[in-house]
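Rule-based calculations on the coordinates, nothing more; no lab input. As the structure is a prediction and not an experimental result, all values here were calculated from the model. Cβ coordinates were reconstructed from backbone atoms using ideal geometry, including for glycine residues, and neighbour counts include every protein chain displayed.
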Amino acid sequence: MTQPKWWKERVVYQIYPRSFYDSNGDGIGDIPGIIQKLDVLKDLGVGVLWLSPVYCSPNEDNGYDISDYRNINPEFGTMADMERLIAEANRRDIRIVMDLVVNHTSKEHEWFQKSRDKNSPYRDYYIWRPGKGGGKPPNNWTSFFAEDCWEYDEQSGEYYLHLFARGMPDLNYHNPRVVEEVKDILRFWLNKGVSGFRCDVINVIYKTSLSDGKKKFILTGSEHYISQPGCHKLLQEFRREVLDGYDCFTVGETVFVTPQMGRDLCDPERKELDMIFTFEHMETDQFLVKWFKTRFQLQKFAKTIATWQAALDWNANYLENHDQPRSVSRFGDDKTYWKESAKLLLTMLFTLRGTPYLYQGQEIGMTNFDFSSMDDIKDVESHNVYRLATKLHLPRGYRWKMMQRASRDNARTPVQWDGSKNAGFTAGAPWIKVNGNYPRINMARQMAEEDSIRSYCKQLIALRASDEVLLYGEFSVLAVTKELFAYRRKSGGKAYTVLLNFSEKTIPAEYRGKLVLSNYGGNAYSGSLKPYEAALLYNEVIAPPTKA
Ligand code: TEU
Ligand code: CA
């Protein structure tokens, strides 16, 4: 039986602070900027804010490279601002969740700087190894960011491991002192009043061995660190010794998980994580790696979603975040059916079983960037990949296509607040270009329009908030075709039938029920779906569908 919990009933809104709202005109979003927009978020109906990292960082990876876990990056404000944000959010019954990035630190973290000295007590905080001889690194592993994952350090004559960017050395979880440090960081923030953590790449933190990996197209070596028994043990320890003492939750960002690994990680009995972000549905439009996109195929996508709905008791549902292209550009149609398809995707997000995660700007249907060259792109991963693609002699036009489809900066353009200069994001020069479509796509306009994407989003959030069936009802698939994804949520004698037409055709979908919500409006369901139509039907008595 599913236990009711506040974090199952609320909607989480992810803020990428750099791009959210700039309060002081330096071109960088900040914490006072978030405080200024709290009423807008409250109005939307969100109950939790997850902040991408706001800690001190040299920004090699925009904050995912942390140099001090207990202080705020001055670009974003001060600790006093952070405390004010927590208090102001709580006053509005909004909880704050922090990003916990502890697979690695920044190389500028004091632990790492000390650890470069072979005799320092901090040496074992990181993973140092001598080379293999002949200038070869300690093993054949490859990194997530298209570069080597060992970096040679002159000072100590050894290499350190970094699964991500060069300036992000991995911590050594074989060292009990590192484990204690993490517990202290958790306590520090929980005592400040935060209500949980989004745990960055949490299932790779424990490296069982450093032997050579089986050669693979990507991530050679990953069998030595994905969801290892040592990782499960650590998660249980954090939970038992720290998290269980607070009213909080954790969502793990878990890479390359199978349904079985997922069940192990969030089994309530084992007490590790409360829920996980899985990636499989985000990989259904790619070939081997995200940079080689294939056409969006609803069948693959919907089946993957259905598989995970069945696999886990409670999912963390998302279609966007700061690492992924915009969903309307990717799974919908950001041109002719922009409004309809953005609403359709939101309908799915809020009617699947699990906690919905909305990413900033998704509620107004923000689209992929309209950049024209690599100079516009800031992301370290994109630049690494572009460099590698150049080395591999991929044609320039193709390289740019790769960026347009998959660069993380697609999601990192500033939130479009209004039709004024720079979309009202900043009074200065934005750190990254604003999408030129802001006069048409912006918050102010959509807050005023009754049938805007944001208004529809708000309606969905309100509907879900108090509805037992949408919150806790069972999920079952009714149909998956090339165009249609239909499913049912059911609890007791009540059910909803969710019909989603992911195509530009009008299609028959003969289901019965009282029309509760549709992105085309209306108050009765006709038995067919218009292009990108989403319909939510209510069924008092559950009858089998007239035709599946
Ligand atoms: O992402 C982990 C992760 O798997 C991504 O790096 C993913 O591989 C990539 O974005 C898609 O190509 C987390 C954070 O969400 C990301 O922003 C960080 O860069 C990364 O960890 C390192 O901390
Ligand atoms: Ca600022």
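Considering amide H positions built from the backbone, and no H for Pro or chain starts, which residues 5 or more places from residue 276, or on another chain, come under 5 Å of its amide H?
Amide H neighbours of residue 276, under 5 Å, 5+ apart: 252, 316.
How far apart, in nanometres, would the label points at residue 236 and residue 524 be if each is projected 7 angstrom from Cα along the Cα-to-Cβ direction?
5.9
Between residue 210 and residue 120, what length in nm is gained on full extension when 0.36 nm per residue of separation is reduced by their alpha carbon distance?
Working: separation 90, 0.36 × 90 = 32.40 nm, distance 2.22 nm.
My answer for the length gained is 30.2 nm.
Just want to confirm a number: the relative contact order over the chain, from Cα pairs under 8 angstrom separated by 6+ residues, in percent. Display every interim value, and only then the final one.
Details: 1157 pairs, mean separation 70.3, N = 548.
Reported relative contact order: 13 percent.
Computed from the mean reciprocal separation of all distinct C-alpha pairs, what Kirkwood hydrodynamic radius does the chain have, in Å? Intermediate results must be reported in sequence, preceding the final value.
Working: mean 1/r = 0.0412 Å⁻¹.
Evaluated over the chain, this radius sits at 24.3 Å.
Beyond a 24 Å Cα-Cα separation, which of these cross-linked pairs lie in this structure: 303/505; 335/391; 37/192; 216/290? Present the calculation step by step, with values, prior to reporting the outcome.
Values: 303/505 21 Å; 335/391 34 Å; 37/192 21 Å; 216/290 16 Å.
Distance filter (> 24 Å) returns 335/391.
Helix 79-91 against the longest principal axis of the chain: what's the angle in degrees, Cα atoms only, rounded to the nearest 10?
Result, in degrees: 20.
By per-residue mean of other Cβ atoms within 10 Å, what is the highest-first order of 471-479, 364-372, 337-345, 385-393? Mind showing how you got there, number by number?
On the way: 471-479: 16.7, 364-372: 21.7, 337-345: 25.2, 385-393: 14.0.
For the peptides 471-479, 364-372, 337-345, 385-393, the packing ranking is 337-345, 364-372, 471-479, 385-393.
Subtracting the Cα-Cα distance from 0.36 nm times the residue separation, let me have the gained length for residue 269 to residue 92 in nm, one decimal. Write out the running numbers ahead of the final one.
Details: separation 177, 0.36 × 177 = 63.72 nm, distance 3.28 nm.
That pair, residue 269 and residue 92, stretches by 60.4 nm at full extension.
Between region 244-287 and region 154-232, how far is it from one alpha carbon centroid to the other, in angstrom?
With region 244-287 and region 154-232 each reduced to a Cα centre, they are spaced 16 Å.
Under 14 Å from the Cβ of residue 270, count the other residues' Cβ atoms, weight Lys and Arg +1, Asp and Glu -1, and hand me the total. Mind showing how you got there, number by number?
Numbers: positive: 233, 239, 240, 263, 271; negative: 237, 244, 264, 267, 269, 272, 274, 313.
It works out to a net charge of -3.
Below 11 angstrom from the Cβ of residue 152, what's the summed charge of the other residues (Lys, Arg +1; Asp, Glu -1)? Walk me through the numbers before you get to the answer.
Values: positive: 129, 136, 166; negative: 148, 151, 153, 154, 158.
Around residue 152, the surrounding residues sum to -2.
Rounding to the nearest 20 debye, state how big the charge dipole of the chain is about its Cα centre with +1 on each Lys and Arg Cβ and -1 on each Asp and Glu Cβ.
Working: 72 positive and 71 negative charges, 312 e Å.
With Lys and Arg at +1 and Asp and Glu at -1, about 1500 debye.
Divide by every residue of the chain the summed helix terms, -39500 (n - 2.57) for each DSSP H run of at least 4, and state the resulting mean residue ellipticity at 222 nm, rounded to the nearest 500 deg cm²/dmol. Walk me through the intermediate numbers first.
Details: 16 runs with 152 residues, N = 548.
Mean residue ellipticity, 222 nm, calculated: -8000 deg cm²/dmol.
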